[in-house]
Amino acid sequence: MKRARIIKRTMPNGRVVYVIQQRHSLFRWWWVDAWFNSLGEMCDDQYVSLKMAQENLCWFDGTKIKEEVVG
């Protein structure tokens, strides 16, 4: 099951934003804007280009942080 997706949202004035959505934390069949699952933290989930949204999807889709001991 997908954990995150990007949707194109067109506002009434014609402005277009790309929004990252995640599955609802309790109701897994609902898709909600990512800020909804952030538990009150500031969450930037709207972008003015699809490219920017795609570059930031990794923060929402469950991609793990890689750590490496270097010394």
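Filter region 1-41 for residues that are of a type in the set (Lys, Arg) and part of a strand (DSSP E or B); which is farthest from Trp59 (Cα to Cα)? This residue is Arg9. Cβ separations smaller than 9 Å between residues 6+ apart or across chains give no pair from region 57-69 residues that are within 20 Å of Gln46 (Cβ to Cβ) to residues that are exposed (fewer than 10 other Cβ atoms within 10 Å of the Cβ).
On the given criteria, is Val17 surrounded by fewer than 15 Cβ atoms within 10 Å (Cβ to Cβ), among the β-branched types (Val, Ile, Thr) and over 10 Å from the mean Cα position of the chain (by Cα)? So Val17 fails the test. In region 33-60, the residue that is nearest to Thr10 (Cα to Cα) out of those that are loosely packed, with under 13 Cβ neighbours inside 10 Å and acidic (Asp, Glu) is Asp44. Quick check on region 42-71: of everything there that is farther than 14 Å from Arg3 by Cβ, in a loop (DSSP other than H, G, I, E, B) and of a type in the set (Gly, Ala, Ser), which residue is modelled with the lowest pLDDT? Within region 42-71, the match that is modelled with the lowest pLDDT is Gly71.
The values are calculated or read from the model by the stated rules, or taken from the named source; none is laboratory data. Just so we're clear, the structure is a prediction, and the values are computed from it rather than from any experiment. Using ideal geometry, Cβ is built from the backbone for each residue, glycine included, and neighbour counts are taken over all protein chains shown.
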